[in-house]
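To start, the structure under review is shown below, and the notes come after it.
The values are calculated or read from the model by the stated rules, or taken from the named source; none is laboratory data. Nothing here was measured: the structure is a model prediction, and the numbers come from that model. Backbone-built Cβ (ideal geometry, glycine too); neighbour counts: all protein chains shown. For accessibility, only protein heavy atoms count, side chains too; no ligands or nucleic acids. Shrake-Rupley method; radii C 1.70, N 1.55, O 1.52, S 1.80 Å.
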Amino acid sequence: MNKIVAKEFFSENVVRLEIEAPRIAKARRAGHFVIVKNGVDGERIPLTIAGSDPKKGTIDLVVQRVGVSSRKLTELNVGDEITDLVGPLGKATHVEKVGTVLACGGGVGVAPLLPIIEAFKLAGNRVITVLAARNKDLIILEEQVRKYSDEVVVMTDDGSYGNKGLVTEGMEMIINREKVDLSVVIGPAIMMKFASMTTKKHNIPTMASLNTIMVDGTGMCGACRVTVGGKVKFVCVDGPEFDAHQVDFDEMLLRLSGYKGIEKEAELNYLSKNCNAK
Amino acid sequence: MAVSPEFLKAEREQPWRVELRSKMKNKERTALTRVHMNEVDARERILSNIEVNQGLNQVQAMAEAQRCLDCPNPTCITGCPVEINIPKFIKHIECGNFADAAKTLKETSTLPAVCGRVCPQEKQCESQCFYTQKMNAEPVAIGYLERFAADWEQNSGQMAIPEQAPANGIKVGAIGSGPAGLTFAGEMAKKGYDVTVFEALHEIGGVLKYGIPEFRLPNRIVDVEIDVLKKMGVKFETNFVVGKTANVEDLQEEGYKAFFAGSGAGLPRFMEIPGENYIGILSSNEYLTRVNLMNAANPTTDTPIISGKRVAVIGGGNTAMDSVRTAKRLGAERAMIIYRRGMDEMPARVEEIKHAQEEGIEFLTLTNPVEYLADSQGRVSQVRVQKMGLGEPDASGRRRPEVIEGSEYLIDVDTVVVSVGVSPNPIVPDSLPDLKMTRWHTIEVNDDNLQSSIPFLFAGGDIVRGGATVILAMGDGRKAAAAMDEYLQKNQ
Ligand code: FES
């Protein structure tokens, strides 16, 4: 059992949970993720680790409400226990000194990006970060990102904060200004697709951290499979990071929609049940 | 490690066995006919997850036990990977001593109620039975009797806890809680070790829980056996991935002296044909895990499942049968097996195939998928298959399937379950750079004692064999325990 020791709302639908998990806090590196399942009837869902405190024995998870399972998680409070939490899973980010790193985070993708930025900064790189979201409320973890970035560019779709425009516009601005040696893009699949097209145009090596549907998270089921460079890869054991220019994002987008109908219905059911209860 | 013939002989000469043999002539015994398993009718059972085989009743079991001749040279035992003293337990049943029969099973088998259900006895003990070997007759129903005795004990509410040597305080770890790991844990606990089993998933039991469906092996049966292990002092750590949550070295620092890797064959294989990543195409591991472990078909759980009206399962093994029969129970109108060889070459158990046929499963044999087609949303809608003919036998001894040119046609489907095998799970090996692997990515072990290239690490089950049966995994767990014990005693 893993107790929730702190909870913070980043926005209406995005919550940070600090959870007791001493072993994971110690073992996790940038790039790792966990699988969470709450209650006997809960679903196993993958979540990225935004940070940890090995001394305190806690990890930080950022959860966005996208379905019943994530919604239920965000409804837990400090003191509640999560029944099942396993990790750290996946391969850790390969970090080295390359020069200038352009890190791009879209929406809650900033959460897994944060430890990666930190690691690249500590490895002696110049780090420029582009944070992108639909509006000001959805820009998260900006302060922490600033700590490990030499420069931060904020982009919002509606211009309510930072520059008005898409993530790719912010990226182009930097790329046209200076030499970038490596790019890291994390966010919704559609954002990663376009961000990686942008860097491809400029021949900048790019890695993307993929968040697919998962069940076990240990290579056992194949639910997480994606095509990378024409080969089938399992995100949970071969990834989650891959060469973004090799990833078939269109297929990934399609596969992500696999349970959309069922999930929407389940969420509506859940919400209406809750309303009736109140 | 074979049981010594002298020991078996001494057991056979015990007065009660001698007397029992004299009660009935062999001729009378062999004149009896083999018992039939009581089964739930196919039309009824496909409506739920009810267990298909209902077991024998006492009268049936005692009558079947009379068929066993209590041979002086019980060849059946040689067919059993965990060397159950078969005549002894059967003779206990014949006299109505069911508790002693169960106890006999437990002498060498950690999970008799499981084995009694899922072992391919027709290929093991029963294939070596005197009736099969010498009389060309139907073997004694060893598997049914095993299940009977184990169930009798489970239902009695008084599970015997096996005798244990005094605790020696030596900590050992099992990686994976499937049949290999559980057997290993039970054997080591008997020898007095302090055993912890590490399981990556949230439930103990490995493939027994996520893989084999309720209608063939109810979870509660597995849980009772696990409970016995707990009573023996075995500790379980769920949600613990050795190699990730902690490395073997970390655990050594915590005092673990040796490990047994029984982490199974993870990675499901796909055929790598066009369209295989469309929505609605999933591995049998994913399909069965969603249904069995996550209980996805139950509307009160949060895990979704897609199981359509026209389900094609690719493959001919037990997992394929489990998947296709599950699809039927989830409401498929057409549930089909697509298999590239013929009916005779199918690796699934005869009983599973028979049950599947009774349940209205369609068998498209000598048929091989070559491509999937999808609708505009990327959902699989059709599979293109080609017909195969059988050529000369290949390395496996089975006749090689050959493509019949121009035989392609389309089948409408909305769910496809790919069940064409698995590769070993890479997580444990990846975390141990010094570990020697085979070119099939299985852990290389010494065949005699299952020791790996890292002396304190033993391994067995699918991580070594690549894809075998529950009982072979159990045999490995037992063998590794004996070898590890010897290793640890020497290196104290
Ligand atoms: S989540 Fe099951 S294999 Fe990756």
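Under the condition of being open to solvent by 30 Å² or more (accessible area, probe 1.4 Å) and out of contact with any Leu (no Cβ under 7 Å at 6 or more places or on another chain), which residue from the stretch B:284-304 is nearest to A:Gly39 (Cα to Cα)?
Going through the qualifying residues, I end up with B:Asp302.
Out of all the residues in the stretch A:46-96, which are in a strand (DSSP E or B) and either among the basic types (Lys, Arg) or within 9 Å of chain B (Cβ to nearest Cβ) (or both)?
A:Asp84, A:Leu85, A:Val86, A:Gly87, A:Pro88, A:Leu89, listed by residue number.
Being touching a residue at least 60 places away in the same chain (Cβ under 8 Å) and outside any strand (DSSP E or B) is true for just one of B:Gly316, B:Gly308, B:Gly331. Which residue is that?
Only one candidate passes the filter, namely B:Gly308.
Suppose we filter the stretch B:285-299 for residues that are under 23 Å from B:Thr238 (Cα atoms) and either within 14 Å of the ligand (Cβ to nearest atom) or in a loop (DSSP other than H, G, I, E, B) (or both); how many remain?
10
If you take the residues in the stretch A:11-41 that are within 12 Å of A:Ile82 (Cβ to Cβ) and within 16 Å of the ligand (Cβ to nearest atom), which one is nearest to the other protein chains (Cβ to nearest Cβ)?
For the stretch A:11-41, the residue satisfying everything is A:Lys37.
Among B:Glu199, B:Glu214, which is the only one that is outside the structural domain of B:Asp322 (by TED's automatic domain parsing) and more than 16 Å from the ligand (Cβ to nearest atom)?
B:Glu214
Of B:Gln158, B:Gln164, which residue is farther than 28 Å from B:Cys68 by Cβ and open to solvent by 60 Å² or more (accessible area, probe 1.4 Å)?
None of the other options fit; the residue is B:Gln164.
Mind checking which helices (runs of 4 or more DSSP H) fall wholly inside the stretch B:393-492 and carry at least 3 residues that are loosely packed, with under 13 Cβ neighbours inside 10 Å?
Here the list reads B:470-490.
Condition first: part of a loop (DSSP other than H, G, I, E, B), more than 8 Å from chain B (Cβ to nearest Cβ) and near the ligand (Cβ under 6 Å from one of its atoms). Now tell me which residues in the stretch A:212-247 satisfy that.
Selection gives A:Met214, A:Gly217, A:Cys224.
Inspect all residues belonging to the stretch B:361-374 and state whether any of them is out of contact with any strand residue (DSSP E or B) (no Cβ under 7 Å at 6 or more places or on another chain) and within 14 Å of another protein chain (Cβ to nearest Cβ).
Scanning the stretch B:361-374, I find no residue that is out of contact with any strand residue (DSSP E or B) (no Cβ under 7 Å at 6 or more places or on another chain) and within 14 Å of another protein chain (Cβ to nearest Cβ), so the answer is no.
Look through A:Lys55, A:Lys97, A:Lys72 and report the one residue that is closer than 23 Å to B:Asn247 by Cα, among the basic types (Lys, Arg) and open to solvent by 10 Å² or more (accessible area, probe 1.4 Å).
A:Lys55
Filtering the stretch B:227-273 down to residues that are assigned to a loop (DSSP other than H, G, I, E, B) and small (Gly, Ala, Ser), which residue is nearest to the other protein chains (Cβ to nearest Cβ)?
It comes out as B:Gly266.
Go through the stretch B:95-115 and report how many residues are assigned to a helix (DSSP H, G or I), under 19 Å from B:Val82 (Cα atoms) and open to solvent by 10 Å² or more (accessible area, probe 1.4 Å).
Of the residues in that region, 5 qualify.
So for the stretch A:222-230 (the condition being within 16 Å of A:Val130 (Cβ to Cβ), surrounded by 24 or more Cβ atoms within 10 Å (Cβ to Cβ) and of a type outside the set (Gly, Ala, Ser)), does at least one residue qualify?
No: zero hits.
Looking for whichever is modelled with pLDDT of 95 or more and open to solvent by less than 20 Å² (accessible area, probe 1.4 Å) here; the options are B:Ile212, B:Ile281, B:Ile221. Which one fits?
After applying the criteria, what remains is B:Ile281.
When you check B:Glu203 against the structure, is it more than 15 Å from the chain's Cα centre (by Cα), within 12 Å of chain A (Cβ to nearest Cβ) and not in a loop (DSSP other than H, G, I, E, B), yes or no?
no
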